[in-house]
Amino acid sequence: MMNYTERLTVLMQDVVSRVAALSFIDMSEVLVFARAGRSRAEGAFATCHCLTLPASEPGYYFWRDRSTHALTRRSEWFVTRSPSVTVGPRDIKYMISFALPRFCDQSLDRSRKERFYRGAEPWMAKLDTVVHELYHIDPDLAGIRRIEKEDGTYSANCHGQQFFEQVAEMVHAYLATKPAPEMYEFLRHDFAALNARHGGIVGTSFRTFPSFPQRYIERAAEQPACESDGVGVKVEALRAPQQPTRYSEDDLHVREFCKDTSRRLIRKGQFRAA
Ligand SMILES: [Zn+2]
């Protein structure tokens, strides 16, 4: 079977080694994983997830009475944190997820990127997405890259017009370095063709599939009183996070992705614990 996320990781390694603007990226700190996404359903082809954002300022939820607008209850104070993900000795700083099989069936036709790739083959849309997600990685590793506008201020949107143009320029710059065709050859084929050729498509996912590491809330160590607490506002205890907050390579598994479903792959010779 073909491990699609491994192929994408190798391709990304090649891209960052050839495109100067992305050369700051250390792929051993980036984890590529697969999520489920049907080809004909709406949704992203891929997403860049940042794990380096610091904890938020403390805050709380609150509820008001509908008619009087008076505060009736609030939660305990909490902070929002990024989960920790490690693979071996490495702290993962960013994760890039790909929706399978949707990503494999992406095409330039009628997409808004088509105009950047006049006369190009339809699979170039996939290379564009690969570079797009890498370009979201911030050079200061402090979140998702902010896009500077021509006047020197930052755009509120991480997807300005310039972003798409710059991604297309990097795709062309990468191809101009004449990378080995084996690096990107797998992008030429859609899901059905790859599946038939390789006898299955697998990808790295989290054991918690379809869930994956995401920001979570944690009760703040300090719980200062609020002014309103004295006037009968009920303070509700926070529930403990439902998801793990630390992940390691033991939380990764390999899944086989099919047209409409996916399943955990149990390798030959591997046995299930009771
Ligand atoms: Zn994006």
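3J(HN,Hα) along the range 72-85: 10, 8, 9, 8, 5, 5, 9, 10, 9, 10, 8, x, 9, 10 Hz, from the Karplus curve 6.51 cos²θ - 1.76 cosθ + 1.60 with θ = phi - 60°, whole Hz, x for Gly and Pro. According to the square roots a ≥ b ≥ c of the eigenvalues of the Cα gyration tensor, what is the shape class of the range 20-115, taking rounded for a/c under 1.5, prolate for a/b larger than b/c otherwise, and oblate for the remainder? Oblate, because a/c is 1.5 or more while a/b does not exceed b/c.
By the count of other C-beta atoms within 10 Å, a proxy for reagent exposure, S17, S82 are ordered fewest to most as S17, S82. Taking all C-alpha pairs of the range 80-172, those more than 17 Å from each other amount to 60 percent.
When +1 charges are put on Lys and Arg Cβ atoms and -1 charges on Asp and Glu Cβ atoms, the dipole computed for the range 203-244 relative to its Cα centre reaches about 340 debye.
Segment R188..D229, full-extension length gain: 8.6 nm, with 0.36 nm per residue of separation and the alpha-carbon distance subtracted. Only one residue of V85, F62, S28 has its Cα farthest out toward the positive end of the dipole of the range 14-93, where Lys and Arg carry +1 and Asp and Glu -1 on Cβ, and that residue is F62. Using the Cβ-Cβ distance between A221 and K259 with R0 = 51 Å, the FRET efficiency computed as 1/(1 + (r/R0)^6) comes to roughly 0.60.
The distance between label points at A41 and R197 comes to 2.6 nm (points 7 Å beyond Cα on the Cα→Cβ vector). Taking 37 °C and 0.692 mPa s as conditions, the chain diffuses translationally at an estimated 155 µm²/s according to Stokes-Einstein applied to its Kirkwood radius (Cα pairs). Taking label positions 7 Å along the Cα-Cβ direction at both S67 and E165, the computed distance is 5.8 nm, reported to one decimal.
Between T52 and G143, the built amide H atoms are under 5 Å apart, and every one of these is 5 or more places off in sequence or on another chain. Averaging the Cα positions of each part gives two centres, and for the range 111-127 and the range 1-41 these lie 19 Å apart. Counted by neighbouring Cβ atoms within 10 Å, the residues M27, M12 run from fewest to most as M27, M12. Database remark: amide H of F206 closer than 5 angstrom to the amide H of H253 (H placed geometrically; neighbours at sequence offset of 5 or more, or on other chains; Pro and chain starts carry no H). For the chain, the share of DSSP beta bridges that are antiparallel, to the nearest 5, is 65%.
At a Förster distance of 30 Å, what's the computed FRET efficiency of A20 paired with Y154, Cβ-Cβ distance as r, to 0.05? Computed FRET efficiency for A20 and Y154: 0.85. Label-to-label distance, T177 versus S28, with points set 7 angstrom from Cα along the beta-carbon direction: 1.9 nm. What percent do you get for the relative contact order of the range 95-141 when only Cα pairs under 8 Å and 6+ apart count? Over the range 95-141, the number comes to 35 percent. Loop-located GluC sites (Glu not before Pro) in the range 210-257 (DSSP state other than H, G, I, E, B) with a sparse environment of at most 16 neighbouring Cβ atoms within 10 Å: E222. Taking other Cβ atoms within 10 Å as a rough exposure proxy, K178, K126, K93, K259 sort from fewest to most as K178, K259, K93, K126. Rounded to the nearest 20, the size of the Cβ-charge dipole of the chain about its Cα centre is 1120 debye, with Lys and Arg at +1 and Asp and Glu at -1.
Here's the picture: a label point sits 7 Å out from the Cα of A55 along the beta-carbon direction, and within the range 71-110 the residues with their amide nitrogen under 14 Å of it are 77-84.
Proximity of backbone amide H atoms, modeled 1.01 Å from N, is registered between W77 and A220 at under 5 Å, excluding neighbours fewer than 5 places apart on the same chain. Rounded to the nearest whole Hz, the Karplus-based 3J(HN,Hα) values (6.51 cos²θ - 1.76 cosθ + 1.60, θ = phi - 60°) of the range 130-146 follow the sequence 4, 5, 3, 5, 5, 5, 6, 6, 7, x, 8, 6, 10, x, 8, 3, 8, with x at glycine and proline.
Just so you know, all these numbers are worked out from the coordinates, no wet-lab data involved. All figures in this text were calculated on a predicted structure; none of them were measured in a lab. All Cβ positions, even for glycine, are placed from backbone atoms using ideal geometry, and neighbour counts span all protein chains on display.
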